[in-house]
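FYI, it's all coordinate maths here, none of it is from the lab. Just so it is clear, the structure is predicted and the values come from calculations on it, not from any experiment. Note: ideal-geometry Cβ built from the backbone for every residue, glycine included; neighbour counts use all protein chains shown.
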């Protein structure tokens, strides 16, 4: 209630935008290519 009275915007979101885990490709660049090299081309 204090936040609303202070002027905070009321939304249906629980968390702030941008929260959560970062994208795996950002954390480990090249992981997509490494995983694709493990899979045989005929299986794709």
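The distance between label points at residue 1 and residue 42 comes to 7.0 nm (points 7 Å beyond Cα on the Cα→Cβ vector).
The fewest-to-most ranking of 40, 25 by surrounding Cβ atoms within 10 Å reads 40, 25.
Put in line by how crowded their Cβ is, counting other Cβ atoms within 10 Å and starting with the fewest, 38, 24 read 38, 24. Max-minus-min Cα coordinates of the chain on each principal axis give 60, 19, 10 Å, with the largest extent listed first.
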